[in-house]
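Read the structure below first, then the notes.
The values are calculated or read from the model by the stated rules, or taken from the named source; none is laboratory data. Not measured: the values here are computed from a predicted model. With ideal geometry, Cβ positions are generated from the backbone for all residues, glycine too; neighbour counts draw on all protein chains shown. Only protein heavy atoms, including side chains, enter the accessible area calculation; ligands, DNA and RNA are left aside. Shrake-Rupley method; radii C 1.70, N 1.55, O 1.52, S 1.80 Å.
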Amino acid sequence: MKKKVIYIESFARITTPSLTGKILYHFADLFIVQWKELLKVYPKAKYFGGIF
């Protein structure tokens, strides 16, 4: 369908990944985390800080 998938991991997740994040990490075109600690879990993710 040529659509982009963007996923933002929950702000409540600081050091552990969510189940949804674990699944969508492999499919998302852009995966955003709000804590630098999560870059260890999701190395290809982008860190933008708090988004709210």
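Of note:
- Surface composition of the chain: carbon and sulfur atoms hold 62% of the protein heavy-atom accessible area at a 1.4 Å probe.
- Over the residues of the chain, the helix contribution to mean residue ellipticity at 222 nm works out to -2500 deg cm²/dmol, using -39500 (n - 2.57) for each DSSP H run of at least 4.
- This structure gives Cα extents along the principal axes in Å, computed directly, and of [x] 54, 22, 11; [y] 30, 19, 17; [z] 33, 21, 17 that value is listed as [z].
- Contact order normalised by residue count of the chain, Cα under 8 Å, 6+ apart, percent: 36 percent
- Cβ-based net charge around A45, under 14 Å, with every Lys or Arg adding one and every Asp or Glu removing one: +3
- Restraint check, K4/K44; K4/K46; K3/K36, Cα-Cα greater than 19 Å: K3/K36
- The phi torsions of the range 14-29, fed into the Karplus equation with coefficients 6.51, -1.76 and 1.60 and a -60° offset, translate into couplings of 9, 10, 10, x, 7, 5, 4, x, 4, 6, 6, 4, 7, 10, 6, 6 Hz, rounded to whole numbers, with Gly and Pro shown as x.
- Per residue accessible area of the chain, 1.4 Å probe, in Å²: 78 Å²
- Where trypsin sites (Lys or Arg not before Pro) in DSSP loops with at most 13 other Cβ within 10 Å are excluded, longest remaining stretch of the chain: 5-39
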